[in-house]
Amino acid sequence: MLRAIKYCVLGLLLSLAACVEPYAPPVISSPARYLVVDGFINLNGVTVIRLSRSQSLAATTVSPFELKAMVSIKDDAGALYPLAERLPGTYSSQPLTLSPNRRYQLQVSTLTGRRYASDLVVAKVAPPIDSVTWSVDGQGVRLYVNTHDPANATRYYRWKAQETWQYNSAFRSDYEYVNGAMRPRIENIFTCWSTANSTSIMLGNTQKLSDDVVADAPLHLLPRNSYKLRVKYSLLVQQLAQTAEEYAYWEMLQKNTESLGTLFDPLPTQLTGNVHCLDDAGELVLGYVGATSVTQKRMFIDRSQLPLGTKYATGYEDCIYQDTIPLRLVNDVFRNPVNVPTYALLDGNFNPVFYLSSSPDCVDCRRRGTNVKPSFWP
């Protein structure tokens with residue numbers, strides 16, 4: 001009897017499990033296409049605003065751009081500063097010098113005539129960055145920012161960062177196959193540089209401190225063996241000043257996007273920004289537009305400054321061998337662009353006997369960046 005009961009219970013559990021089907025609520029699978037406004041009003045340079053539309057959580061494509069909109073900055077005295085669509089969904093102003101004593105808002109009119117505007121916000125002036133520093137521990141290379149405001153007027157900070165690193169491809173290419181013949185390579189494709197913008201939300205505040213001083217605010221952690229550190233690495237840090245309201249928005253966005261995943265993390269919360277639809281007060285708009293000046297500082301880390309003996313990743317770990325091509329097969333092999341010559345094996349008279357070959361992904365560093373040395377690179 002006991003065994004029969006066990007079998008019945010097991011059968012019931014299996015039948016229940018078989019009835020479980022994935023369920024995506026309509027609000028998730030078919031969300032409203034809300035306008036998303038990304039950017040800030042730059043008091044001392046070019047303002048860049050990106051407009052897009054929200055989409056389903058299950059979507060695998062990039063968010064659709066909001067094209068051919070009319071975008072402008074307006075101050076509390078009525079002056080207008082237009083932005084032009086330089087790239088699809090990306091609107092940029094001319095270089096501007098805006099007064100920090102005025103209040104500003106962003107105005108948007110879509111191609112369909114829908115009108116949006118951000119709240120008028122006070123302008124904030126960002127103090128200079130004192131330094132960008134780094135240290136090494138068991139986890140990797142940690143990067144920090146230090147700053148202060150002698151007037152004690154900033155208090156709320158946000159940082160943006162852009163990484164640039166030098167790297168080498170797996171194999172050096174001394175030759176190139178051009179117009180049916182082999183010749184010494186003219187253009188360098190061994191050493192390149194790659195650049196990436198950080199996607200992390202980096203915030204700091206001194207509201208509870210007597211002095212407006214930020215000391216060693218963490219920005220980024222690089223794994224100790226990161227391929228970005230293998231030759232030379234650079235970090236450009238931009239500093240923005242925020243109002244308390246704007247800081248609260250970014251802090252909530254940070255919690256919603258970076259602190260979820262465990263039982264003890266905060267629950268996701270609907271973000272309420274400062275951009276509104278003028279034609280329908282009930283329409284949700286995503287984004288917060290503040291107005292700030294921008295200060296910046298760049299730092300470098302050379303491999304020689306890091307602990308000796310560190311084995312760095314290369315990014316080319318799959319490139320483990322090269323093919324040996326005899327002279328009689330040179331034309332057949334290298335007329336196909338999937339084969340790139342690297343270097344030659346020479347006889348006693350220094351004439352090529354064999355050429356070595358590999359794939360473009362292993363030889364041509366331009367596949368992952370540019371071989372044009374950045375103007376700021378030492």
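The values are calculated or read from the model by the stated rules, or taken from the named source; none is laboratory data. Worth saying up front: this structure is predicted, and the values here are computed from it rather than measured. Ideal geometry is used to build each Cβ from the backbone, glycine not excepted, and the neighbour counts take in all protein chains shown. The area values use the complete protein model at the heavy-atom level, side chains included, leaving out ligands, DNA and RNA. Shrake-Rupley method; radii C 1.70, N 1.55, O 1.52, S 1.80 Å.
Using a Cα-Cα cut-off of under 14 Å, which aspartates and glutamates could be cross-linked to K255, ignoring same-chain neighbours fewer than 8 residues away?
The reachable aspartates and glutamates, counting only those whose Cα sits under 14 Å from K255, are D265.
Place the peptides 81-87, 250-256 in order of packing, highest mean first, counting for every residue the other Cβ atoms within 10 Å and averaging per peptide.
On the way: 81-87: 14.4, 250-256: 16.9.
With the highest mean Cβ count within 10 Å placed first, the list reads 250-256, 81-87.
Calculate, in whole percent, how much of the Cα-Cα pair population of the chain lies beyond 29 Å. Please report the intermediate quantities before stating the final value.
Working: 43147 of 71253 pairs.
More than 29 Å apart: 61 percent of the Cα pairs in the chain.
First obtain the Kirkwood hydrodynamic radius of segment 39-172 from its Cα pairs, then insert it into the Stokes-Einstein equation at 25 °C and 0.890 mPa s, and state the resulting D in µm² per second as a whole number.
Values: Rh = 18.4 Å.
The Stokes-Einstein estimate is 133 µm²/s.
Can you compute the helix-only [θ] at 222 nm over the chain? Use -39500 (n - 2.57) per DSSP H run of at least 4 residues, normalise by all residues, nearest 500 deg cm²/dmol.
Details: 5 runs with 45 residues, N = 378.
It comes out at -3500 deg cm²/dmol, rounded to the nearest 500.
In nm, what is the difference between 0.36 nm times the number of residues separating R298 and D347 and their Cα-Cα distance? Before the final figure, lay out each step's value.
On the way: separation 49, 0.36 × 49 = 17.64 nm, distance 4.92 nm.
Extending this stretch completely gives an extra 12.7 nm.
Between the helical axis of 244-258 and the dominant principal axis of the chain, each derived from Cα atoms, what acute angle in degrees is found, rounded to the nearest 10?
In the chain, helix 244-258 runs at an angle near 50 degrees to the longest axis.
For I41, enumerate residues with amide H under 5 Å from its amide H, sequence gap 5+ or separate chain, H modeled in the peptide plane.
Those qualifying (amide H under 5 Å, at least 5 residues apart or on another chain) are G290, A291, T292.
What order, most packed first, do the peptides 205-211, 98-104, 171-177 have when packing is the mean number of other Cβ atoms within 10 Å of each residue? Numbers along the way, then the final one.
On the way: 205-211: 11.6, 98-104: 15.9, 171-177: 18.4.
Packing order, densest peptide first, comes out as 171-177, 98-104, 205-211.
With each label point set 7 Å from Cα along the Cα-Cβ vector, what nm distance links V122 and E245?
1.1 nm
Using the alpha-carbon atoms, what tilt in degrees (0 to 90, nearest 10) does helix 2-18 show relative to the longest principal axis of the chain?
That works out to roughly 90 degrees.
Round to a whole number: what % of the accessible area of the chain belongs to carbon and sulfur, probe 1.4 Å?
Values: 12100 of 21690 Å².
Taking all protein chains in place, the chain shows 56 percent carbon and sulfur surface.
Go through segment 160-171 residue by residue and turn each phi into a ³J(HN,Hα) via Karplus (6.51, -1.76, 1.60, θ = phi - 60°); whole Hz please, and just put x for glycine and proline.
Rounded to whole hertz, the list is 10, 9, 10, 8, 9, 9, 8, 8, 10, 6, 5, 10.
Return the subset of K124/K208; K208/K228; K228/K297; K124/K160; K68/K373 for which the Cα-Cα distance in this structure is over 26 Å, preserving the input order.
On the way: K124/K208 19 Å; K208/K228 36 Å; K228/K297 19 Å; K124/K160 16 Å; K68/K373 35 Å.
Flagged as over cut-off: K208/K228; K68/K373.
Restricted to Cα positions, what overall size does segment 234-378 have along the principal axes? Three whole-Å values, descending.
Over segment 234-378, Cα extents along the principal axes are 80, 40, 38 Å.
Per residue, how large is the accessible surface of segment 27-150? Use a 1.4 angstrom probe and give square angstrom.
Result: 52 Å² of accessible area for each residue.
Which net charge results when you count Lys and Arg as +1 and Asp and Glu as -1 among the other residues whose beta-carbon is under 12 Å from that of Q238? Write down the numbers at each step before the final one.
Working: positive: R158, K160, K297, R298; negative: none.
My count for the surroundings of Q238 gives +4.
Calculate the dipole size of the chain relative to its Cα centre from +1 charges on Lys and Arg beta carbons and -1 charges on Asp and Glu beta carbons; express the result in debye to the nearest 20.
Numbers: 36 positive and 33 negative charges, 87 e Å.
In debye, rounded to 20, the chain gives about 420.
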